[in-house]
Amino acid sequence: MGRRTLIVVFILVALGPGLMGAMAAPAAHFSDPLVGPHAREDAAHSRLSIQLSPATGIPQARLRTRTPSVVSPAGGRLSREVFGFAPYWALSNSGSWNYSLLSTVAYFGLTLNGDGSFNTTDPGWTGWNSQALVDTTNRAHRAGDRVVLVIKNFNEAAINQIVTSSAVTQAAIDNTIAAVASKNLDGVNVDFEGYSSASYPNIQSGLTNFVAQLTAQLHQRLPGAVSSVDTYSGSASWDGGFFNISTLAPAADALFVMAYDMASGNTPGHASANAPLNGWTYNDNTAVRQYLLKAPASKIILGVPYYGYKWSTVNTLPNAAATGGAVAETYSQIPGDLTCAINLTTGWDASAGSPWAAWWSPAVNDPCGGNHNSWRELYYDDARSLGLKYDLVNAADLKGTGIWALGYDGGSADLWNELQLKFVYPFKGMYTLEAYGGVHPDGGSLPLKLSAYWYGWRIAQAAALLADSSGGYVLDGFGALHAFGQAAPVAVSAYWPSWSIARDVVLTPGSTASQAQGYVLEGFGGLHAFGGAADARVTGYWNWDAARRAVMLSDGTGGYVMDLYGGLHPFAVGSSPMPPTITNAAYWRGWAIARDIALAPGSTASNVAGVTLDGWGGVHPFGAAGSVAVSAFWPRWDIARSVRFSPVSTAANPQGWVLDGFGGAHAFGGAPNVTGLAYWPGLDIARQLLTE
């Protein structure tokens, strides 16, 4: 069922100093809303007759890891939590949702009564017992997503009873966990929206206690299940509200910040952005800054709206004075207004980071059907404005983002594409090789089985990853190759027992798990073919240990060997022409500080682009590569170990990661920060970063 229009009336208040004055000097007072964002939406749909077929079975259990076929449309993995609310009125359209771009689907929801039981007469109960929810859960679970149950209540007296009566608290917890278990779900989201009131002085501490007990018992009874709590955008600005973030954060696994419906608090009596990025009293940047003072970034989910508001206004100026209440409008409904509007004006609020539009609605024969006899003004979020919020999530290293609500996009691809752009790792797999031979998954990559490991012996020199990231080979110092993952064993053509002279291994394009070919680089500069690869012709060879790393061009016709000073020496494969000499590479004569080399994706002999890495962390472009600004640099400390390009990098705009000796991966050029890294603080054993 599509979303019905919800009319919300904001109280109109004259602004003494003027609207722009309020924007320049936001009021210091913060308060809880009398009606919360999700409560407002629930009220609009609570009397609807939801036509959903009863369930004929129970959902399947979740796949605990994402398989390569479902990780994302581009084959990458989500870099952060993407939490989407699935309201009961949207379940019938859940087949169109892109579950590969979600990590959690939250069914909204079941209403808890004041005695701890569930309301079995509202449409949320109908949705709970529907085949549509079974189908939604199965789709999410097949994609590796969590599905959690939203327990909700928006009545102060009932919430107070639930959280301050020990008997009711336990009844509510028991019923909630039983409901989660009955449908093979993966956790609970608590959506209690109230406000601070002298009538209920213990409601805040009671809520914290309720969440703490629910979380502890959930973890005990259903290992792996998670809890989250929905909070207001301004809740972290003070400790006297309905939510005390300082005490609530340790009690829950995550906090979902409902960072929307801010217009009524920011500009009563005026149109303005639903979820401004900056400006006014309430905005995303302020909310994030305040939350980070009271909760770890790893627990904060910044919610974003897939809807906006429109008002009747006195004119078409930005933030025009309103003459009536605000009407909520989903993203899917907005193109209809913009298409039918008379005298349409559109704009961009630079401070709020929000698009807006204004038009005339005549008293009769309004093409949009409103017949308001007034100007109309709309503020909403689109892919551009949401992308700015996602940038904030990444910059602040938050747990992730969340969507209110799934289905509000109407199947439009642009909002999904923005999630893909901002929150999907561009690689199929990323791994860190450490000196003892361990190959450790980064960024949620799938673990790969090793065939060799030398604990306490720093003999691993390099590794190569297959193009599909299903496996690869670790090179030891004597020249042997040790398969990992799905890669089949290979025989080497050169081996130096008891002499640690092997330096690097590269695979030819087209290598597969069953048929891998490539070359082992030894310290004197020789390249030794394996797996049936054609012999390589080198231009650099030394009678001493000078060669350090090798790279291959994307067409497999040749590549470059880097020496310890940064010099680049071309090599050719078989009868292929020799690649061009590189004349603009960094070079440190007499100083053995060069550590690694990487070629930009798609580099060929006719268009070579790449970077070299020095031991302090400097990344130096060569060939046609553009300039690079690094995010980490360690002057006079030889700790940088490896550099890799992102698979989506271009020659003109290089992006990728620098690996330090402790295992930290430092993004450059706009590449995403990678979480879940192998890391050894104070132990310099990370050797090479592997990405495909």
Test: residue in the range 378-400 that is touching a Cys at 6+ places or on another chain (Cβ under 9 Å) and either crowded, with 23+ Cβ neighbours inside 10 Å or over 27 Å from E81 (Cα atoms) (or both): no
Selected residue (only one of Y331, Y425 is in contact with a Pro (Cβ under 9 Å, 6 or more places away or on another chain) and either more than 23 Å from W311 (Cβ to Cβ) or at pLDDT below 95 (or both)): Y425
Candidates G615, G676, filtered to the one that is more than 24 Å from W591 (Cβ to Cβ), among the small types (G, A, S) and in contact with a strand residue (DSSP E or B) (Cβ under 7 Å, 6 or more places away or on another chain): G676
Residues satisfying the stated conditions in the range 356-380, i.e. aromatic (F, W, Y), over 20 Å from P276 (Cα atoms) and out of contact with any helix residue (DSSP H, G or I) (no Cβ under 9 Å at 6 or more places or on another chain): W360, W375
The range 170-188, residues that are under 16 Å from L110 (Cα atoms), over 29 Å from the mean Cα position of the chain (by Cα) and not small (G, A, S): I173, D174, N175
When residues of the range 137-164 are limited to those that are β-branched (V, I, T) and buried (at least 19 other Cβ atoms within 10 Å of the Cβ), the one farthest from S92 (Cα to Cα): V163
Within the range 651-692, considering residues that are on the phi > 0 side of the Ramachandran plot and surrounded by fewer than 21 Cβ atoms within 10 Å (Cβ to Cβ), the one farthest from the chain's Cα centre (by Cα): G682
The range 64-91 - residue that is over 14 Å from the mean Cα position of the chain (by Cα) and among the hydroxyl-bearing types (S, T, Y) and, of those, modelled with the highest pLDDT: Y88
Wholly enclosed helices (runs of 4 or more DSSP H) of the range 312-423 bearing at least 3 residues outside the structural domain of T281 (by TED's automatic domain parsing) and over 30 Å from the mean Cα position of the chain (by Cα): 334-340
Candidate set: the range 588-608, residues that are in contact with a strand residue (DSSP E or B) (Cβ under 9 Å, 6 or more places away or on another chain), part of a strand (DSSP E or B) and free of Cβ contacts under 8 Å to residues at least 60 places away in the same chain; chosen: the one nearest to L564 (Cα to Cα): A594
Every residue from the range 83-127 that is touching a helix residue (DSSP H, G or I) at 6+ places or on another chain (Cβ under 8 Å), farther than 16 Å from H45 by Cα and either among the hydroxyl-bearing types (S, T, Y) or outside the structural domain of K152 (by TED's automatic domain parsing) (or both): S94, Y99, S117
Search result, residues across the range 653-692 that are within 19 Å of V551 (Cα to Cα) and either hydrophobic (A, V, I, L, M, F, W, C) or in a loop (DSSP other than H, G, I, E, B) (or both): P654, Q655, W657, V658, L659, L689, L690, E692
Test for Y473: is it outside any loop (DSSP other than H, G, I, E, B), of a type outside the set (D, E, K, R), in the same structural domain as V561 (by TED's automatic domain parsing) and farther than 22 Å from V538 by Cα: yes
Unique match (being touching a residue at least 12 places away in the same chain (Cβ under 8 Å), out of contact with any Phe, Trp or Tyr (no Cβ under 9 Å at 6 or more places or on another chain), assigned to a loop (DSSP other than H, G, I, E, B) and assigned by TED's automatic domain parsing to the domain that holds I159) among N184, N209: N184
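Rundown of residues vs (1) surrounded by 21 or more Cβ atoms within 10 Å (Cβ to Cβ); (2) among the hydroxyl-bearing types (S, T, Y); (3) touching a helix residue (DSSP H, G or I) at 6+ places or on another chain (Cβ under 7 Å), yes/no style:
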position: P305; (1), (2), (3): yes, no, no
position: Y309; (1), (2), (3): yes, yes, yes
position: T323; (1), (2), (3): no, yes, no
position: A328; (1), (2), (3): yes, no, no
position: G336; (1), (2), (3): no, no, no
position: A350; (1), (2), (3): no, no, no
position: G353; (1), (2), (3): yes, no, yes
P635, sole failed condition from (1) in contact (Cβ under 8 Å) with a residue 24 or more places away in the chain; (2) part of a loop (DSSP other than H, G, I, E, B): (1)
Residue in the range 587-597 that is among the hydroxyl-bearing types (S, T, Y), within 37 Å of the chain's Cα centre (by Cα) and over 15 Å from N653 (Cα atoms) present: no
The range 630-650, residues that are modelled with pLDDT of 95 or more, surrounded by fewer than 21 Cβ atoms within 10 Å (Cβ to Cβ) and of a type in the set (A, V, I, L, M): I639
Test: residue in the range 536-547 that is at pLDDT 95 or above, under 41 Å from the mean Cα position of the chain (by Cα) and part of a loop (DSSP other than H, G, I, E, B): no
Lone qualifier among V506, V520, V611, V561 - being of a type outside the set (G, A, S), within 22 Å of F668 (Cα to Cα), in contact (Cβ under 8 Å) with a residue 24 or more places away in the chain and assigned to a strand (DSSP E or B): V611
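The values are calculated or read from the model by the stated rules, or taken from the named source; none is laboratory data. These figures come from a predicted structure and were not determined experimentally. In this analysis, Cβ positions are derived from the backbone assuming ideal geometry, glycine residues included, and neighbour counts consider all displayed protein chains.
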